Amino acid sequence: MRRFKNYYTLQEMSMVSVADLDTDFLKRAQKITSFNLTPNDFTNLKHKAEIQYLFRMHFFPKFDLDKTLKGTPTISKLNNVIGMLKKENLNKFKILHSYNLKGVGPGEATLYFILDDAHLGGGASAGADIVIGNKPYEVKAGDISQGFFKNFKLGGTVPIDKMVSAGLRLRDMKPEIKKLATEKAGVSGSQIKAILSDNELAPMWKKDVEAPYVKAAHGYLAKNPLILMVNKTPASQIGEVVMVGKPKLSDVHLDVITQGTIKPKIKIG
């Protein structure tokens with residue numbers, strides 16, 4: 001095939017009718033999905049208005065920035081604004097939800113955009129995911145399944161090595177349980193169910209794995225208020241908030257051991 005320039009001179013090209021152009025291609029080519037922003041731009045309020053304007057102009061042009069929030073967040077207030085964004089442009093909302101910033105988790109850019117007095121952790125507030133006013137919050141994105149919020153991890157400061165080792169040891173004590181899954185450094189849900197059904201293993205699992213893990217996980221999760229946001233499942237609730245606050249000890253549970261770490265789950269609703 002001959003190259004395009006062999007068919008048209010510059011003058012002829014200037015006379016090509018707009019109607020002859022591929023408008024679908026041009027529309028796709030001009031889509032803006034990210035800006036020249038760094039994580040540090042989100043760790044303060046210096047350019048808050050400018051960043052909100054960028055997202056509004058290119059992602060949600062019909063959204064009224066007067067609808068953004070101030071003060072202590074609640075589930076209903078957050079989901080009301082999130083619902084407006086999803087209704088206007090669900091695809092752009094998904095981009096915002098998983099906005100590509102190094103070290104910034106799903107949902108955090110959304111909260112920065114809709115909360116006027118919020119900035120992401122950094123500098124003196126590096127221990128928090130987001131600071132709203134002067135109050136630090138931990139943001140977790142996960143999935144909802146059978147009344148639990150799951151598929152997320154704790155921070156690396158929680159000491160779990162002894163619990164993981166104990167869990168793997170108990171898994172391997174019974175060949176019929178070990179063979180239920182193939183992950184070398186994990187204990188699956190089916191294996192945990194089998195362990196808890198075994199009169200010999202169940203007390204040891206509760207004493208050496210479950211009880212110490214729940215205590216440690218709750219200590220971490222209750223340090224600062226949580227903002228729990230749906231990451232992928234159910235798809236109809238992507239980006240929505242299911243909890244704001246600190247969980248009770250009785251609501252924190254061990255989910256699975258996978259890839260050498262332990263994932264928790266939190267009872268909601």
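The values are calculated or read from the model by the stated rules, or taken from the named source; none is laboratory data. Quick caveat: nothing in here was measured; it's all calculated off a predicted structure. All Cβ positions, glycine included, derive from the backbone under ideal geometry; neighbour counts span all protein chains shown.
If I go through the stretch 48-66 residue by residue, how many of them are farther than 16 Å from ILE132 by Cα and loosely packed, with under 14 Cβ neighbours inside 10 Å?
7
Which fully enclosed strands (runs of 3 or more DSSP E) of the stretch 172-269 have 1 or more residues being at positive phi? Outline the logic, then answer.
Working: elements: 226-230, 241-245, 252-258, 261-267.
Here the list reads 241-245.
Counting only residues that are surrounded by 11 or more Cβ atoms within 10 Å (Cβ to Cβ) and in a loop (DSSP other than H, G, I, E, B), how many does the stretch 152-171 have? Step through it out loud before you land on a result.
The initial filter retains those residues of the stretch 152-171 that are surrounded by 11 or more Cβ atoms within 10 Å (Cβ to Cβ), namely 152-155, 158, 160, 162-171.
Then drop every residue that is not in a loop (DSSP other than H, G, I, E, B), which leaves 152-155, 158, 160.
Total satisfying the criteria: 6.
Out of PRO212, PRO247, report the one residue that is out of contact with any Pro (no Cβ under 9 Å at 6 or more places or on another chain) and crowded, with 18+ Cβ neighbours inside 10 Å.
Details: PRO212 fails: crowded, with 18+ Cβ neighbours inside 10 Å.
Answer to the selection: PRO247.
Quick one: count up the residues across the stretch 190-208 that are within 29 Å of the chain's Cα centre (by Cα) and among the hydrophobic types (A, V, I, L, M, F, W, C).
Within the stretch 190-208, the first condition is being within 29 Å of the chain's Cα centre (by Cα), and the residues that meet it are 190-193.
The next check asks that each one be among the hydrophobic types (A, V, I, L, M, F, W, C); those that pass are 192.
Residues in the stretch 190-208 being within 29 Å of the chain's Cα centre (by Cα) and among the hydrophobic types (A, V, I, L, M, F, W, C): 1 in total.
Please verify whether ALA124 is closer than 22 Å to LYS48 by Cβ, at pLDDT below 90, touching an Asp or Glu at 6+ places or on another chain (Cβ under 8 Å) and not assigned by TED's automatic domain parsing to the domain that holds ILE227, treating the condition exactly as stated. First the steps, then the outcome.
On the way: closer than 22 Å to LYS48 by Cβ: yes; at pLDDT below 90: yes; touching an Asp or Glu at 6+ places or on another chain (Cβ under 8 Å): no; not assigned by TED's automatic domain parsing to the domain that holds ILE227: yes.
The answer is no for ALA124.
Considering every residue within the stretch 93-103, establish whether at least one is of a type in the set (Val, Ile, Thr), at pLDDT 95 or above and not assigned by TED's automatic domain parsing to the domain that holds ASN231. Steps first, please.
Keep residues of the stretch 93-103 that are of a type in the set (Val, Ile, Thr), which gives 95.
Filter again for at pLDDT 95 or above, leaving 95.
With the extra rule that they be not assigned by TED's automatic domain parsing to the domain that holds ASN231, the set shrinks to 95.
Checking the stretch 93-103: at least one residue is of a type in the set (Val, Ile, Thr), at pLDDT 95 or above and not assigned by TED's automatic domain parsing to the domain that holds ASN231.
I want to confirm something. Restricting to the stretch 67-77 and keeping residues that are touching a helix residue (DSSP H, G or I) at 6+ places or on another chain (Cβ under 7 Å) and not in a loop (DSSP other than H, G, I, E, B), which single residue is farthest from ASP129 (Cα to Cα)? Reasoning before the result, please.
Step one: list which residues in the stretch 67-77 are touching a helix residue (DSSP H, G or I) at 6+ places or on another chain (Cβ under 7 Å), which gives 67-69.
Among the residues that remain, those that are also not in a loop (DSSP other than H, G, I, E, B) are: 67, 69.
Numbers: LYS67: 23, LEU69: 18 Å.
Restricting to residues being touching a helix residue (DSSP H, G or I) at 6+ places or on another chain (Cβ under 7 Å) and not in a loop (DSSP other than H, G, I, E, B), the top hit is LYS67.
For the stretch 217-238, which residues satisfy the criterion of being farther than 15 Å from ILE130 by Cβ and surrounded by 19 or more Cβ atoms within 10 Å (Cβ to Cβ)?
Narrowing the stretch 217-238 to residues farther than 15 Å from ILE130 by Cβ: 217-222, 230-238.
Within the stretch 217-238, ALA217, HIS218, LEU221, VAL230, ASN231, ILE238 qualify.
If you go through the stretch 53-106 one residue at a time, how many are hydroxyl-bearing (Ser, Thr, Tyr) and either in contact with a Ser or Thr (Cβ under 6 Å, 6 or more places away or on another chain) or free of Cβ contacts under 8 Å to residues at least 24 places away in the same chain (or both)?
Let us first name the residues in the stretch 53-106 that are hydroxyl-bearing (Ser, Thr, Tyr), namely 53, 68, 72, 74, 76, 98-99.
Next, only the ones that are either in contact with a Ser or Thr (Cβ under 6 Å, 6 or more places away or on another chain) or free of Cβ contacts under 8 Å to residues at least 24 places away in the same chain (or both) stay: 53, 76, 98.
So the count comes out to 3.
List the number of the failed condition for LYS48; all other conditions in (1) in contact with an Asp or Glu (Cβ under 9 Å, 6 or more places away or on another chain); (2) modelled with pLDDT of 95 or more hold.
Condition not satisfied by LYS48: (2).
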